[in-house]
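Quick notes on the structure that follows.
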Amino acid sequence: MTTSIMEIDRLNLHYGEFQALKNIELDIPEKTITAFIGPSGCGKSTFLRTLNRMNDLVAGVRIDGSVKLDGDDIYGSETDVETLRKRVGMVFQQPNPFPKSIFDNVAYGPRLHGIRDKSTLNEIVERSLRGASLWEEVKDLLGKSALSLSGGQQQRLCIARALAVEPEVLLMDEATSALDPISTLKIEELVRELKKEYTIVMVTHNMHQAARVSDRTVFFLNGELVEADETEKLFSNPSDARTEDYITGRFG
C-alpha cells in the first residue's frame, strides 16, 4: 500500500466570478509519477499551481478546501510559503534559467536558505546536476552562463535547481512541451529515475507521454476532476465515458 504524500479535499478555486476548479478530491501517492491530462483550459495547470501556492501570486484568486502535505494543510495560517516551495518544487513549461553561471543557478536555492560553505555548495551542485543527468555535460563549464546551454540542457538545469533544495515533491508544468523529441526523451528517462527519490506530479498535453511515463493519470474537464486511476487502467478501460471520448480523440 503506497502512502499518500498529498491529500486534496473539496478544493475550489475562483478567479473573481469565474470558478476554475470545482470540488477537487485527490490523493497523490509518494514516490510515484502522477500525470494530469485534459484539454486546454480544463484546470490542470491551475490545479498543479495550488499544490505549492503559486496561485497566491494571481490577483483576485479565492481558494477554499484543503491541500495537505504530510498531513499539514498548506493553506493553514501557520504555513511558511517559502518553506512550502522548498518542499514542493516546480519546473515550468519554458526553461527559465537565471542569467547567471550554471553553478550559481544550482546554488541559488541553497544560498537562499543560508548555506554559504563553498565545499558544501560544491557537493550540492554536483549532486543536483548528477540527479538531473547533466553533470557529465557541464562539469567543465560550471562558470559559463546557463543561457549558453541548449533548450533541453536548460530544462535539466532547472530540474537540478529544483533538486538542490531537496524537495519532497516536484511539480512539472508541461516541462517538455517546448523541447525537441530527443530532449523530451531524456527528460522522460530522467523523471522515471527521479521517482525513486521524489514524488512527481506532471501536467502534460501529450497523452502518449502520460501513458509512457506515469503510474497514475488524472483526467480534468471544465475545472472538474473526472477520473483518476492507474495509468494503464485509465487508458485501456476508463470508467467514465468522457475520459474515453477524450483519449480516443473525439474531442480535445
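Here, each number is a calculation from the coordinates, and none is a lab measurement. Only a predicted model underlies this, so the values are computations on that prediction, with no experimental measurement involved. No Cβ is skipped: glycine too gets one built from the backbone with ideal geometry, and neighbour counts run over all protein chains shown.
Across the chain, the mean sequence separation of Cα contacts (distance under 8 Å, 6 or more residues apart), normalised by length, yields a relative contact order of 28 percent. Derived scalar couplings between HN and Hα for segment 35-46 equal 10, 9, 10, x, x, 4, x, 8, x, 5, 6, 4 Hz in order, rounded to whole Hz, by the Karplus curve 6.51 cos²θ - 1.76 cosθ + 1.60 (θ = phi - 60°), x for Gly and Pro. Convex hull volume of the C-alpha atoms in the chain, normalised per residue: 131 Å³. Taking amide hydrogens as placed 1.01 Å from N in the peptide plane, the amide H of Glu227 sits under 5 Å from those of Phe219, each at least 5 positions away in sequence or on another chain.
Note on Ser45, Ser4, Ser148: ascending count of other Cβ atoms within 10 Å places them as Ser148, Ser4, Ser45, the fewest first.
To the nearest ten degrees, helix 151-163 and the longest principal axis of the Cα atoms of the chain are 90 degrees apart.
Whole-Hz Karplus values for segment 164-172 come out as 4, 9, 6, x, 8, 10, 10, 8, 10 Hz, taken residue by residue from phi with 6.51 cos²θ - 1.76 cosθ + 1.60 and θ = phi - 60°; glycine and proline positions read x.
Once you've got the Cα coordinates, tell me which of Lys22/Lys68; Lys44/Lys68; Lys100/Lys139; Lys68/Lys186; Lys22/Lys44; Lys195/Lys233 are over 22 Å apart. Result: Lys68/Lys186 exceed 22 Å. Between segment 59-128 and segment 1-49, the alpha-carbon centres lie 20 Å apart.
Look at Arg192, Arg156, Arg62 and count the other Cβ atoms within 10 Å of each Cβ; fewest to most, that gives Arg62, Arg192, Arg156. Of all DSSP bridge pairs formed entirely within segment 4-247, close to 60 percent run antiparallel. Each of Asp215, Asp9 was scored by other Cβ atoms within 10 Å of its Cβ. Listed from fewest to most, they are Asp9, Asp215. Close amide H partners of Val91, meaning residues 5 or more places away or on another chain with modelled amide H under 5 Å apart, are Leu171, Met172, Asp173. Working note: Karplus 6.51/-1.76/1.60 with θ = phi - 60° gives segment 201-214 the couplings 10, 10, 8, 9, 8, 10, 5, 4, 5, 4, 5, 6, 9, 8 Hz, where Gly and Pro are set to x. Relative to the longest principal axis of the Cα atoms of the chain, helix 118-131 runs at roughly 50 degrees. Rounded to 0.05, the FRET efficiency of the Glu197 and Ser148 pair, given R0 = 35 Å and the Cβ-Cβ distance, is 0.75. Helical content of the chain, expressed as a calculated mean residue ellipticity at 222 nm, amounts to -10000 deg cm²/dmol (DSSP H runs of 4 or more residues, -39,500 (n - 2.57) each, divided by residue number, nearest 500). Once the Cα atoms of helix 102-112 and of the chain are each reduced to a long axis, what angle between those two axes, in degrees from 0 to 90 to the nearest 10, is obtained? With rounding to tens, the tilt is 70 degrees.
When the chain is treated as a GNM, springs tying every alpha-carbon pair under 10 Å, which of Leu121, Leu134, Leu112 comes out with the largest mean-square fluctuation? Evaluated over the chain, the most mobile residue of the options is Leu112.
Picking from Leu142, Leu170, Ile74, whose Cα lies most toward the positive end of the charge dipole for segment 4-247 (charges on Cβ: Lys, Arg +1; Asp, Glu -1)? With unit charges placed on the Cβ atoms, the residue in question is Leu142. Inter-label distance, Lys31 to Phe98: 3.2 nm, where each label sits 7 Å from its Cα along the C-beta direction.
Amide H to amide H distances under 5 Å link Ile115 with no residue, where only residues 5 or more positions off or on other chains count and H is placed in the peptide plane. Compute the separation of the alpha-carbon centres of segment 194-252 and segment 134-177 and state it in Å as a whole number. So the two Cα centres are separated by 26 Å. Legend: P(r) of segment 97-147 from all alpha carbon pair distances, 10 Å bins from 0, whole percents, reading 28, 59, 13.
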